[in-house]
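**Student:** After the structure tokens below, expect a handful of questions from me.
Readers should treat all values here as calculations from the given coordinates under stated rules, not as data from a laboratory. This is a predicted model, so every value here is computed, not measured. With ideal geometry, Cβ positions are generated from the backbone for all residues, glycine too; neighbour counts draw on all protein chains shown.
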Amino acid sequence: LRELREELSRERARTAAGGSTENPMRIRELRRAIARVLTVIKEEELRKKRKD
């Protein structure tokens, strides 16, 4: 998760600096990957709470 967030930060900085990214869809892909990871983490937390 940390690596994905760092890569997203680098891509956003590159775009904000006026540069173009090699793959414009990469930012979208990274955001979705982060959302997927967070969803899985949240599901696991909820599963643990239900067991208690």
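**Student:** All other residues with a Cβ under 13 Å from the Cβ of S9 taken together, and with Lys, Arg as +1 and Asp, Glu as -1, what is their net charge?
**Tutor:** My count for the surroundings of S9 gives +3.
**Student:** Now for a separate question. Working from Cα positions, state the angle (0 to 90°, nearest 10) between the long axis of helix 2-16 and the longest principal axis of the chain.
**Tutor:** Roughly 30 degrees, rounded to the nearest 10.
**Student:** Helix-derived [θ] at 222 nm for the chain: sum -39500 (n - 2.57) over DSSP H runs of at least 4, divide by residue count, nearest 500?
**Tutor:** Details: 2 runs with 41 residues, N = 52.
When only DSSP H runs of four or more count, the value is -27000 deg cm²/dmol.
**Student:** Next up: R47 versus I27, label points 7 Å from Cα toward the beta carbon: distance in nm?
**Tutor:** Each label point lies 7 Å from its Cα, and together they span 3.4 nm.
**Student:** Using only alpha carbons, build the gyration tensor for the chain and give me the equivalent ellipsoid semi-axes, biggest first, whole Å.
**Tutor:** The equivalent ellipsoid of the chain has semi-axes of 32, 9, 6 Å.
**Student:** Let me ask you something else. Only Lys, Arg, Asp and Glu count, each charged at its Cβ (+1, +1, -1, -1), so figure out the dipole size of the chain about its Cα centre, rounded to 20 debye.
**Tutor:** So the magnitude is around 280 debye.
**Student:** Are there GluC sites (Glu not before Pro) in segment 20-52 that DSSP marks as loop and that have at most 15 other Cβ atoms within 10 Å, and which are they?
**Tutor:** E22
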